Number of protein chains: 2
Amino acid sequence: MTDRRLDVLAIGNAIVDVIADADDAFIAREGMPKGAMRLIDEAEAVRLYEAMGPGREASGGSAANTVAGVASLGLKAAFIGQLADDQLGAIFEHDIRSLGVEFDTKAKSDVGATARCLILVTPDAQRTMNTFLGAAQRLGPDAVDPAQVAAARILYLEGYLWDPEEPRQAMYKAMDAAREAGTKVAFTLSDGFVVDRHRADLMRLLDERRIDILFANQVEAESLAEQSDVESAVAALKDKVETLVVTRHEHGALAVRSGERADVPAERIEKLVDTTGAGDLFAGGFLAGEARGLPLRQSLKLGAICAAEVIQHYGARPEADLRALAGDLLA
Amino acid sequence: MTDRRLDVLAIGNAIVDVIADADDAFIAREGMPKGAMRLIDEAEAVRLYEAMGPGREASGGSAANTVAGVASLGLKAAFIGQLADDQLGAIFEHDIRSLGVEFDTKAKSDVGATARCLILVTPDAQRTMNTFLGAAQRLGPDAVDPAQVAAARILYLEGYLWDPEEPRQAMYKAMDAAREAGTKVAFTLSDGFVVDRHRADLMRLLDERRIDILFANQVEAESLAEQSDVESAVAALKDKVETLVVTRHEHGALAVRSGERADVPAERIEKLVDTTGAGDLFAGGFLAGEARGLPLRQSLKLGAICAAEVIQHYGARPEADLRALAGDLLA
C-alpha cells in the first residue's frame, strides 16, 4: 500500500477573485449569463473592470476553494495551478499556503498576468463570473509530478481547466499517474459551458473509466446526459462512474455509488449573502468524507455543511473553522 | 466667490489594505501595539505577510476612506495620493474612481511598490495595522495643483502623511493654496505616534492658524495637549482652532466651534465586526455636513452614522448607501 501523505491533490485555475456588488440592470446591460461563468479576454477584462464598482479581492479558483475547504476540515491537501510572477500571483500563493495547502507550482514570467475573476454579486446573492484566465491557462504537463499524484488518496480535477489545451494535457498526465498509483480521480464539470463544448470528450472520459467520482450540479448533469430532468440524468450517468454526486442548490444533493443512493437536504442558513464558492465547498466537504472513508450520506452531509458556511459571507473560501462545524462527522 | 466644484479634496496615503483574522496570541507574539498603527519596512512587510493567515484585499488609506464616505453621501470629492505603477496601484485607482472620486495623481514607476497595510482583526473586532508605505510616502509637492485646492470647500489632510518628508512639503503647498483661496483646512492627527513624533510641529501649525478643523480621537487629543483627561485636552485645544472634533469610540463624539459645543452618542449597531475605518468614516460624515453648512450637532450625527456603518462589516469603506442612511440630514 502506497503511503498517502495527501488526502486531496487538486489541479485547477489559480485565480484571484475581484468581487463587486452590481444590480440586475448592470448584468442585463452587459448581456452576461446571470449566475454563470464566462471566459473573457484581457481587453474585455480591462473594459469590464472599469465599468464595475469598487472591488474586494480574495484568492479564489474553483478547485483551489475546494482544497481550502479540505484543509479547513483538518485534512491534508495540495494544489497545482499556474501563476504569473506578479502581485496577484503573490497574493494567491500566500493565501493558499497560509491555509496549510501544499503548493509548489512555480510562477512564470512569460505567461501573461495572473488570472482574475470579476464576480458581480446581485442583491439576490447570485454571482455572475467573468474570468480572464491569463497565466492559469498556461499550466502545462511539466507542473504535474507523478510522485505527488501517487501520494494522494484523491486527485481532483477542475472542469473549467478542460477548456484550454495545455492544462488538459496536464490533467491527462495526472490521470495516468493516478491510475498507476491507485489514486481515485474526481472530476467536476464546473459549468454548463464546459459540458456544451466538450460533451463527447467528457463522455469518452467516463466510458474509459478514467473518472471515479463525478461532481455535477443539476443543470450540468442534465446537459451531459442530454436529459431534461435530474432523475433521468442520474439514471443515465450512474453506471458510468463509481460515484456520481449531483448538487441541487437549495434542494440539497444526492449521490449514487454502486447501486447505493443517498439524498441530503441543504443545511439551514441564517442569511444568504453570496453564493460564490457553494459548489466548490460542497466538493471539499464531500471529498474530505471520501478521503476518510465515511458512508456516502455523511460525505454528502459534510459537503452541505461546508457549502452553507461559504454562502453566508462574501468570498469563496471558508471564514469559519470548518472542522468545528463538522463536529462528530470527522471526529 | 470662487466656484467650488468640489466639497472635499483629501491628501493621504494611497494604500491597499490586506485584512486577515488573527488571535490575541499572534498580536502579542509579534509585539504589536494592539489597536494602533505602526510603520514597517519592506522586509518586515514580507516577513509578517508570510506569518499571517489568508487575506482579503480592498482599497484603503485613511483619508481615501474618508472621501469614499463623502462620495457615498452624494457630495463631490477628490483625492491626491501616490501609487506605484503596479497591480495594487491599479486596484486602488479603479476603486476610488469607481466611487466617483476625482483622482488624477499619476502612478510612478520609480517609487517602489504601492503601499499596503497588513490589518489583523482580532475576535474583539479591533484592528492592529502594519503599514508599508512604499510609493505613498513619495508623494511630492508636484502632485498638488493649487487650482484644484481652490476648487474645494474643504482641504482634508491625513496626519499619517505628516511623517515622511516629501508629503509634508506637498501638504504645506496645499495649505498655502487653501489659505489663498479661502478653502477651509481640516487635519486629522491620525494616530498617537504622529502626535508623539511631531507634537511641537503640530502645535506650531495650530498657533499659525493654518488649521481650521482639527480631528482627534480622545487619546490623540490628550497627547497633543499633554493632558490626562479629555475635558482638559478640549479646554487646552479649543481656542487654537476654529472647529475641534474629538471622537470617543463607543462614547460618541464632541465638537467645539467658537464657544459652541455639541456632544453626540455613538449610533446603535447590531454587530461589531471590524473597527477599521471608523475614524475615517466619522470624518467623512462630519466633513460632508460641514461642506453643506449644517449645524455642528448634525455634522457630528452624520459622522456617527457613517462610522456605525463601516464597523459592521470587514473593510474600511462603506458598503451600504450612506446617502440613504443619512436620510433627512442631507436632504
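The values are calculated or read from the model by the stated rules, or taken from the named source; none is laboratory data. In this text, all values refer to a predicted model and were calculated from it rather than measured experimentally. Every residue, glycine among them, receives a Cβ derived from its backbone with ideal geometry; neighbour counts consider all protein chains shown.
Some points to look at:
- Considering the range B:139-165, the residues that are in contact with a Pro (Cβ under 8 Å, 6 or more places away or on another chain) and closer than 18 Å to B:PHE92 by Cα include one that is surrounded by the most Cβ atoms within 10 Å (Cβ to Cβ), namely B:LEU139.
- Residue count, the range A:4-22 (criterion: away from every other protein chain (no Cβ under 12 Å) and not in a strand (DSSP E or B)): 5
- Candidate set: the range B:52-90, residues that are among the hydrophobic types (A, V, I, L, M, F, W, C), within 9 Å of another protein chain (Cβ to nearest Cβ) and over 19 Å from the mean Cα position of the chain (by Cα); chosen: the one farthest from B:ASN13 (Cα to Cα): B:MET52
- Taken over the range B:57-94, residues that are within 23 Å of A:ALA58 (Cα to Cα), out of contact with any Pro (no Cβ under 7 Å at 6 or more places or on another chain) and not polar (S, T, N, Q) amount to 16.
- Of the candidates A:ASP274, A:ASP321, the single residue that is touching a helix residue (DSSP H, G or I) at 6+ places or on another chain (Cβ under 9 Å), farther than 20 Å from A:ALA77 by Cβ and within 14 Å of chain B (Cβ to nearest Cβ) is A:ASP274.
- Hits in the range B:285-331 - residues which are farther than 23 Å from B:ARG257 by Cα and outside any helix (DSSP H, G or I): B:ILE311, B:GLN312, B:HIS313, B:TYR314, B:GLY315, B:ALA316, B:ARG317, B:PRO318, B:GLU319, B:ALA320, B:ASP321, B:ALA331
- Residue in the range A:70-79 that is touching a residue at least 12 places away in the same chain (Cβ under 8 Å), in contact with a strand residue (DSSP E or B) (Cβ under 6 Å, 6 or more places away or on another chain), part of a loop (DSSP other than H, G, I, E, B) and of a type in the set (Lys, Arg) present: yes
- Residue, surrounded by the most Cβ atoms within 10 Å (Cβ to Cβ), within the range A:170-195, restricted to residues that are more than 18 Å from the chain's Cα centre (by Cα) and assigned to a helix (DSSP H, G or I): A:ALA178
- Among the residues of the range B:298-318, the one identified as hydrophobic (A, V, I, L, M, F, W, C) and within 13 Å of another protein chain (Cβ to nearest Cβ) is B:ALA316.
- Within the range A:202-228, the residues that satisfy the criterion of being more than 21 Å from A:VAL149 (Cβ to Cβ), acidic (Asp, Glu) and surrounded by fewer than 18 Cβ atoms within 10 Å (Cβ to Cβ) are A:ASP207, A:GLU226.
- Exactly one residue among A:ALA266, A:ALA235 is surrounded by fewer than 23 Cβ atoms within 10 Å (Cβ to Cβ), outside any helix (DSSP H, G or I) and among the small types (Gly, Ala, Ser), and that residue is A:ALA266.
- Scanning the range B:97-119 for residues that are of a type outside the set (A, V, I, L, M), surrounded by fewer than 24 Cβ atoms within 10 Å (Cβ to Cβ) and within 9 Å of chain A (Cβ to nearest Cβ) gives B:ARG97, B:SER98.
- Every residue from the range A:26-44 that is in a helix (DSSP H, G or I) and either buried (at least 22 other Cβ atoms within 10 Å of the Cβ) or away from chain B (no Cβ under 14 Å) (or both): A:ILE27, A:ALA28, A:ARG29, A:ALA43, A:GLU44
- In the set (1) over 16 Å from the mean Cα position of the chain (by Cα); (2) more than 14 Å from chain A (Cβ to nearest Cβ); (3) at pLDDT 95 or above, the condition left unmet by B:HIS94 is number (2).
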